[in-house]
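First comes the structure, then the notes that go with it.
The values are calculated or read from the model by the stated rules, or taken from the named source; none is laboratory data. Keep in mind the model is a prediction, meaning the values are calculated, not measured. Glycine also receives a Cβ, built like all others from the backbone with ideal geometry; neighbour counts cover every protein chain displayed.
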Amino acid sequence: MAKELLKKSKVNSKELEVLLKARERGEVEFLLIDVREPFEYKRGHIAGVDELYPTSLFHEWADEFMQKFSNMDIILTCRTANRSGTLQRHLKSMGYKGNLIDHSGGIVMWHGDIKRGD
């Protein structure tokens, strides 16, 4: 089931939880990237986030992101899925080759573990 979820363009919080557990078991590989701002991230982020790439700095990190992650499956998350959805479209239009998945509903719809701080 988890491998099928990585083929979608959007996943909800329950599906993301399934994916995070499957990743812990080594069944799937993906990155979970938070695209909120650092102050939001420090207040609380989904346990299991791999990287923070703030939307406000998109033009500073976009090229490096495209090279660094090129063909990987990536789930983008933010507060409500507005920013993550926008960045999903931008990165795809830039030619991103892997699957970019939007975490539908964002952290406000997340009921799993939250980490505070860096």
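Key figures for this structure:
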item	result
The range 40-87, subset part of a helix (DSSP H, G or I), touching a strand residue (DSSP E or B) at 6+ places or on another chain (Cβ under 8 Å) and hydrophobic (A, V, I, L, M, F, W, C), residue farthest from His111 (Cα to Cα)	Phe69
Check on Lys42, at pLDDT below 95, surrounded by fewer than 15 Cβ atoms within 10 Å (Cβ to Cβ) and charged (D, E, K, R)	no
Boolean, Ser13 is of a type in the set (Ser, Thr, Tyr), more than 24 Å from Arg116 (Cα to Cα) and at pLDDT 95 or above	no
Residue under evaluation Leu32, criteria (1) of a type outside the set (Gly, Ala, Ser); (2) surrounded by 16 or more Cβ atoms within 10 Å (Cβ to Cβ); (3) without any contact (Cβ under 8 Å) to a residue 12 or more places away in the chain, criterion not met	(3)
Unique residue being surrounded by fewer than 19 Cβ atoms within 10 Å (Cβ to Cβ) and touching a Pro at 6+ places or on another chain (Cβ under 8 Å) when the list is Glu37, Glu17	Glu37
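The rows are residues; the columns are (1) surrounded by 13 or more Cβ atoms within 10 Å (Cβ to Cβ); (2) more than 24 Å from Arg23 (Cα to Cα); (3) in contact with a Ser or Thr (Cβ under 7 Å, 6 or more places away or on another chain); (4) of a type in the set (Ser, Thr, Tyr).
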position	(1), (2), (3), (4)
Thr55	yes, yes, no, yes
Ala62	yes, yes, no, no
Asp73	yes, no, no, no
Thr77	yes, no, yes, yes
Ser84	yes, no, yes, yes
Leu91	yes, no, no, no
Tyr96	yes, no, no, yes
Leu100	yes, no, no, no
Ile114	no, no, no, no
